[in-house]
Amino acid sequence: MFEEHDVVILTNDIPEHGLKAGDVGTIVAVLGDGAAFLIEFMTLGGHTLAVVEIPPSQVRPITDRDMDHARQIDVPA
C-alpha cells in the first residue's frame, strides 16, 4: 500500500517521541514487506524530530480533505 517517500499521517499519539495524531511524516524505509515503516517526522524548518518504526495500522494516506496545521514544539539545540 505505502512505498518509500510516501507522505503519511499519524493516526495516534506516540508521546515517547513527542508525536501527536495528525502529524505528517515521510516513509524512509519499508520494513518486512510492509509489516512496518521507518517514518521521519520533521519540523517545517527541516529539523528532524524523530525517525520511528511504525506499523501500517498507525498511519493513513493523505487525502484531498486534509489540510496543513502547525503546532510549536521544543526542538533540541
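The values are calculated or read from the model by the stated rules, or taken from the named source; none is laboratory data. Keep in mind it's a predicted model, so treat the numbers as computed, not measured. With ideal geometry, Cβ positions are generated from the backbone for all residues, glycine too; neighbour counts draw on all protein chains shown.
Taking the criterion of being within 21 Å of Glu16 (Cα to Cα) and either touching a residue at least 60 places away in the same chain (Cβ under 8 Å) or hydrophobic (A, V, I, L, M, F, W, C) (or both), the residues of the stretch 57-77 that qualify are Val59, Ala70, Ile73, Val75, Ala77. For the stretch 38-56, residues that are in contact (Cβ under 8 Å) with a residue 12 or more places away in the chain and either among the charged types (D, E, K, R) or on the phi > 0 side of the Ramachandran plot (or both) total 2. Examine the stretch 25-39 for a residue that is at pLDDT 95 or above and acidic (Asp, Glu), and state whether such a residue exists. No - not one qualifying residue is present in the stretch 25-39.
For every residue, the table says whether it meets (1) in a strand (DSSP E or B); (2) closer than 22 Å to Ala70 by Cα; (3) more than 11 Å from the chain's Cα centre (by Cα); (4) not hydrophobic (A, V, I, L, M, F, W, C).
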{"position": "Asn12", "(1), (2), (3), (4)": "no, yes, no, yes"}
{"position": "Glu16", "(1), (2), (3), (4)": "no, yes, yes, yes"}
{"position": "Ile39", "(1), (2), (3), (4)": "yes, yes, no, no"}
{"position": "Gly46", "(1), (2), (3), (4)": "no, yes, yes, yes"}
{"position": "Leu49", "(1), (2), (3), (4)": "yes, yes, no, no"}
{"position": "Ser57", "(1), (2), (3), (4)": "no, no, yes, yes"}
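In the stretch 1-41, of all residues being aromatic (Phe, Trp, Tyr) and closer than 16 Å to Pro56 by Cβ, the one that is surrounded by the most Cβ atoms within 10 Å (Cβ to Cβ) corresponds to Phe37. Any residue at all in the stretch 61-76 that is assigned to a strand (DSSP E or B), of a type outside the set (S, T, N, Q), surrounded by 15 or more Cβ atoms within 10 Å (Cβ to Cβ) and touching a Phe, Trp or Tyr at 6+ places or on another chain (Cβ under 9 Å)? No: zero hits. If the condition is being of a type outside the set (A, V, I, L, M) and closer than 21 Å to Glu4 by Cβ, then the stretch 48-77 contributes Thr48, Glu53, Pro55, Pro56, Ser57, Gln58, Arg60, Pro61, Thr63, Asp66.
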